[in-house]
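The values are calculated or read from the model by the stated rules, or taken from the named source; none is laboratory data. Note that the coordinates shown come from a computational prediction; the quantities given were computed from them, not determined experimentally. Note that each Cβ is placed from the backbone with ideal geometry, even for glycine, and that neighbours are counted across all protein chains shown.
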Amino acid sequence: MKRAAQILTHIPDRPSKPRKDGLTMVMDKGLSLREAEDLAAVGSEYVDFVKLGFGTSVITPDVDRKIKTYHEAGMTVYFGGTLFEAFIIRSLYKDYVELLRETGVKMVEVSDGSYEFDHSEKLDYIRKLAKEFTVISEVGSKKKNVVFTPAQWVEMMKAELEAGSVKVIAEARESGTIGIYNDDGSVNLDLINTISRDIGFNNVLWEAPLKQQQAWFIVNFGANVNLGNIAPNEIIALESLRLGLRSDTFFSFLPDSLK
Amino acid sequence: MKRAAQILTHIPDRPSKPRKDGLTMVMDKGLSLREAEDLAAVGSEYVDFVKLGFGTSVITPDVDRKIKTYHEAGMTVYFGGTLFEAFIIRSLYKDYVELLRETGVKMVEVSDGSYEFDHSEKLDYIRKLAKEFTVISEVGSKKKNVVFTPAQWVEMMKAELEAGSVKVIAEARESGTIGIYNDDGSVNLDLINTISRDIGFNNVLWEAPLKQQQAWFIVNFGANVNLGNIAPNEIIALESLRLGLRSDTFFSFLPDSLK
Amino acid sequence: MKRAAQILTHIPDRPSKPRKDGLTMVMDKGLSLREAEDLAAVGSEYVDFVKLGFGTSVITPDVDRKIKTYHEAGMTVYFGGTLFEAFIIRSLYKDYVELLRETGVKMVEVSDGSYEFDHSEKLDYIRKLAKEFTVISEVGSKKKNVVFTPAQWVEMMKAELEAGSVKVIAEARESGTIGIYNDDGSVNLDLINTISRDIGFNNVLWEAPLKQQQAWFIVNFGANVNLGNIAPNEIIALESLRLGLRSDTFFSFLPDSLK
């Protein structure tokens with residue numbers, strides 16, 4: 001089938017891995033080792049990051065072998081930010097660093113979605129961790145009643161990128177109904193446009209668990225927008241969306257002469 | 001457990017494969033090779049068609065071995081209609097036929113759900129392809145704002161069956177909220193009744209991704225209605241519905257004396 | 001990663017298996033043998049019961065080997081109550097007992113969610129079956145139009161526990177929108193509080209397929225509430241919720257001094 005992909009014209013270019021744009025982050029919330037191998041088999045070309053969601057990594061059997069499996073498939077593994085926060089709220093920062101070293105993960109998420117601490121403290125963690133690890137940080141609360149203005153989102157994101165985050169994550173949870181989305185999963189246009197204008201859309205990893213959200217970002221920001229919280233069984237479906245091979249993005253990359 | 005199925009009376013008969021009625025079409029949107037083997041293991045008796053959804057087939061690793069796996073399990077594989085349309089809009093019809101031959105698939109879907117071209121052209125494709133392949137064609141747009149009247153559905157379906165389609169597919173997408181369904185996934189009664197009356201319900205492969213939809217068709221049209229866009233992990237659940245072994249169809253096949 | 005779980009303080013204790021509280025019941029609605037092995041690998045420590053949902057067990061390939069797989073992983077298998085009802089409505093009680101013996105399952109669900117028969121008859125079945133098997137019985141209709149008052153729920157549950165059920169199951173279906181939940185999946189507070197007060201929350205196995213429902217029970221009844229109808233791919237996510245390692249329960253087990 002390789003030839004088919006070559007015959008089809010007007011398929012957007014995707015940078016090859018390791019890449020800085022067009023990132024796909026998959027959420028693993030407790031796959032078995034064999035399911036992780038399946039993810040690796042399907043996604044080695046398409047998946048950049050695997051997040052072991054929230055605190056799942058500390059209770060998942062065979063997690064060390066899972067991490068190894070993902071690494072061997074060229075995917076960067078990191079623990080969900082909630083685990084970081086669970087250590088921080090217990091004043092166990094050093095133990096967390098120790099955990100990262102022991103498990104061989106090279107990337108760390110810094111977030112404050114559940115435990116709200118001072119933003120300057122968050123920036124300190126980013127700075128410190130960036131000396132040893134690739135840091136990605138998340139902005140946005142996991143709680144419905146904590147709402148930031150677009151200006152606050154921008155200010156925090158800017159500061160976190162300057163502190164050393166390679167990307168900032170825009171929160172949406174697994175459900176896709178929080179943070180940058182409205183209650184029904186539709187995009188918060190004003191917020192996303194402001195972030196995109198002031199931060200640059202490609203400095204952000206947009207959590208987009210729902211197909212309508214993935215399609216919206218691809219239609220509006222192009223094939224190589226960074227998308228996260230993708231379910232393991234949606235990897236190929238998302239890549240199809242990116243390439244204009246699904247109805248929702250069918251016309252997005254075609255010249256007017258073909259429409 | 002074989003004996004259990006035999007002890008239970010009033011379980012509807014299901015024709016054995018290959019069959020013309022009571023078809024189950026499963027949508028594979030990027031399973032790994034091993035997951036495909038699992039589908040084959042569970043579904044060899046129950047699944048007739050496996051659709052490699054939209055354009056996933058051209059980017060899924062090991063797709064040739066997947067096709068072989070399904071074929072060996074007695075399942076007929078075909079590519080999603082969106083891939084056909086992606087070739088047609090690029091004027092690559094001959095390349096598509098070449099692709100079908102190379103991959104050894106024996107069935108082809110002709111659709112116009114994303115790229116709207118002349119219906120007479122669609123009928124031409126059906127006629128041409130029917131000489132070499134089993135053709136299945138799909139009616140209904142994937143776009144919310146393109147709505148056909150029941151009379152238009154019937155007219156198109158009739159013409160496509162006459163042109164050589166073995167079944168016509170009634171569009172619903174993976175979400176089950178388009179085409180023959182309302183926004184909330186409930187059935188469009190008037191439309192389905194008209195199609196059923198004028199076309200014959202068994203000439204149609206009804207896309208029915210949601211359980212409530214599957215149950216509705218089984219209650220109203222019987223155990224051997226043709227259903228499509230079934231998720232891989234719903235194969236046995238659907239077959240249970242067909243046999244009256246789930247609450248939603250529990251009384252459907254029982255005589256009055258037992259109710 | 002074992003050490004990480006030990007470093008984290010204020011993680012609730014979970015009794016080890018076999019346990020009487022803090023039970024997790026997973027619904028298998030037609031997994032392949034290999035997928036069952038994956039469930040066993042991930043869940044051997046966390047899953048107590050595997051329900052082979054409704055009538056799926058009689059049509060699932062390799063079901064005997066699946067049962068063996070689960071048993072070897074220390075999980076108790078039982079057939080969905082709808083299968084029991086399918087035998088009862090056909091006056092095949094003895095055949096059902098025979099089936100249980102043949103398949104080696106040690107637990108049986110007695111329910112009347114689809115086929116409504118006299119409650120005294122239900123109690124008789126519980127009494128008879130309890131002599132040979134572990135009995136679990138379910139209260140609540142699968143039909144939207146059959147609604148019991150809280151007092152009726154309590155009365156039935158009490159009688160069933162006295163008749164020999166080790167736990168009573170509070171109905172919710174796979175969708176989580178029936179029985180103890182409202183149409184939108186939110187909890188029926190009055191009903192659940194009444195049941196909990198009069199029956200004891202830990203005598204009930206609460207069906208809670210949706211995350212918001214699982215979180216509600218854990219926040220309100222603690223880490224060791226009994227939860228059922230959990231999807232196979234949610235095992236680790238649920239256990240994370242139980243341990244306060246996911247945002248929804250992040251503060252539930254922390255002392256005030258840390259909040």
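I'm checking my understanding of the structure. Among residues of the stretch C:175-205 that are crowded, with 21+ Cβ neighbours inside 10 Å and within 13 Å of the chain's Cα centre (by Cα), which one is nearest to C:M157 (Cα to Cα)?
C:V204
How many residues, within the stretch C:67-102, are facing chain B (nearest Cβ under 10 Å) and closer than 24 Å to B:T249 by Cβ?
Total satisfying the criteria: 15.
With the condition kept exactly as written, say whether any residue in the stretch B:22-32 is more than 20 Å from the chain's Cα centre (by Cα), without any contact (Cβ under 8 Å) to a residue 40 or more places away in the chain and within 13 Å of chain A (Cβ to nearest Cβ).
Checked against the condition, which is being more than 20 Å from the chain's Cα centre (by Cα), without any contact (Cβ under 8 Å) to a residue 40 or more places away in the chain and within 13 Å of chain A (Cβ to nearest Cβ), the stretch B:22-32 yields at least one hit.
Report yes if some residue within the stretch B:127-141 is away from every other protein chain (no Cβ under 13 Å), among the acidic types (D, E) and surrounded by fewer than 19 Cβ atoms within 10 Å (Cβ to Cβ); otherwise report no.
Here is the first cut: in the stretch B:127-141, the residues away from every other protein chain (no Cβ under 13 Å) are B:127-137, B:139.
Then drop every residue that is not among the acidic types (D, E), which leaves B:132.
In the following step, the residues that additionally are surrounded by fewer than 19 Cβ atoms within 10 Å (Cβ to Cβ) were identified as B:132.
For the stretch B:127-141, residues away from every other protein chain (no Cβ under 13 Å), among the acidic types (D, E) and surrounded by fewer than 19 Cβ atoms within 10 Å (Cβ to Cβ): present.
Would you be able to say whether some residue in the stretch B:105-122 is over 22 Å from B:E207 (Cα atoms) and hydroxyl-bearing (S, T, Y)?
Yes, the conditions are met somewhere in the stretch B:105-122.
Residues of the stretch C:101-126 being crowded, with 20+ Cβ neighbours inside 10 Å and either assigned to a helix (DSSP H, G or I) or touching a strand residue (DSSP E or B) at 6+ places or on another chain (Cβ under 7 Å) (or both), which ones? Break it down stepwise before answering.
The first filter runs over the stretch C:101-126 and keeps only residues crowded, with 20+ Cβ neighbours inside 10 Å, leaving C:105, C:108-115, C:122, C:125-126.
C:V105, C:V108, C:E109, C:V110, C:S111, C:G113, C:K122, C:Y125, C:I126, listed by residue number.
From the list A:Y70, A:Y96, which one is farther than 21 Å from A:N229 by Cα, among the hydroxyl-bearing types (S, T, Y) and at pLDDT 95 or above?
Numbers: A:Y70 fails: farther than 21 Å from A:N229 by Cα.
Only one candidate passes the filter, namely A:Y96.
Tell me which residues, restricted to the stretch C:142-198, are assigned to a strand (DSSP E or B) and either modelled with pLDDT of 95 or more or more than 25 Å from C:L123 (Cβ to Cβ) (or both). Reasoning before the result, please.
Step one: of the stretch C:142-198, the residues assigned to a strand (DSSP E or B) are C:165-170, C:181, C:187.
C:S165, C:V166, C:K167, C:V168, C:I169, C:Y181, C:V187, listed by residue number.
If I go through the stretch A:201-231 residue by residue, how many of them are part of a helix (DSSP H, G or I), in contact with a Gly (Cβ under 8 Å, 6 or more places away or on another chain) and touching a residue at least 40 places away in the same chain (Cβ under 8 Å)? Walk me through it before giving the result.
Here is the first cut: in the stretch A:201-231, the residues part of a helix (DSSP H, G or I) are A:201-203, A:211-221.
Restricting the remaining residues to those that are in contact with a Gly (Cβ under 8 Å, 6 or more places away or on another chain) gives A:212-213.
Now narrow it down to the ones that are touching a residue at least 40 places away in the same chain (Cβ under 8 Å): A:213.
Matching residues across the stretch A:201-231 total 1.
Yes/no matrix, rows are residues, columns are (1) surrounded by fewer than 24 Cβ atoms within 10 Å (Cβ to Cβ); (2) closer than 17 Å to C:G80 by Cα; (3) small (G, A, S):
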{"residue": "B:E207", "(1), (2), (3)": "no, no, no"}
{"residue": "B:Q214", "(1), (2), (3)": "no, no, no"}
{"residue": "B:I218", "(1), (2), (3)": "no, no, no"}
{"residue": "B:N224", "(1), (2), (3)": "yes, no, no"}
{"residue": "B:N233", "(1), (2), (3)": "yes, no, no"}
{"residue": "B:I236", "(1), (2), (3)": "no, yes, no"}
{"residue": "B:S240", "(1), (2), (3)": "no, yes, yes"}
{"residue": "B:L243", "(1), (2), (3)": "no, yes, no"}
{"residue": "B:D248", "(1), (2), (3)": "yes, yes, no"}
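Quick test for you: out of C:G74, C:G53, pick the one residue that is small (G, A, S) and closer than 20 Å to B:I235 by Cα.
Values: C:G74 fails: closer than 20 Å to B:I235 by Cα.
Result: C:G53 is the single residue among C:G74, C:G53 that is small (G, A, S) and closer than 20 Å to B:I235 by Cα.
Taking the condition of being touching a Phe, Trp or Tyr at 6+ places or on another chain (Cβ under 9 Å), farther than 11 Å from B:F79 by Cβ and within 7 Å of another protein chain (Cβ to nearest Cβ), how many residues in the stretch B:44-64 meet it?
The total comes to 1.
With (1) part of a helix (DSSP H, G or I); (2) more than 19 Å from the chain's Cα centre (by Cα); (3) under 29 Å from B:E35 (Cβ atoms) as the list, and B:L245 as the residue in question, which single condition is left unmet?
Answer for B:L245: the failing condition is (1).
This table checks each residue for (1) touching a residue at least 40 places away in the same chain (Cβ under 8 Å); (2) out of contact with any helix residue (DSSP H, G or I) (no Cβ under 8 Å at 6 or more places or on another chain); (3) not charged (D, E, K, R).
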| residue | (1), (2), (3) |
| --- | --- |
| A:S111 | yes, no, yes |
| A:D118 | no, yes, no |
| A:K131 | no, yes, no |
| A:V147 | no, yes, yes |
| A:A151 | yes, no, yes |
| A:E171 | yes, yes, no |
| A:T177 | no, yes, yes |
| A:D190 | yes, no, no |
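Before we move on, is C:E98 of a type in the set (D, E), farther than 18 Å from C:V26 by Cβ, touching a residue at least 24 places away in the same chain (Cβ under 8 Å) and part of a helix (DSSP H, G or I)?
Here the answer is no, as C:E98 does not meet what is asked.
One residue is enough: does the stretch B:221-234 have a residue meeting the conditions more than 10 Å from every other protein chain (Cβ to nearest Cβ), closer than 30 Å to C:Y115 by Cα, within 16 Å of the chain's Cα centre (by Cα) and among the charged types (D, E, K, R)?
no
Condition first: of a type outside the set (A, V, I, L, M, F, W, C) and in contact with a helix residue (DSSP H, G or I) (Cβ under 6 Å, 6 or more places away or on another chain). Now tell me which residues in the stretch C:228-241 satisfy that.
Filtering the stretch C:228-241 for residues of a type outside the set (A, V, I, L, M, F, W, C) gives C:228-229, C:232-234, C:239-240.
Listed by number, the residues that qualify are C:P232, C:S240.
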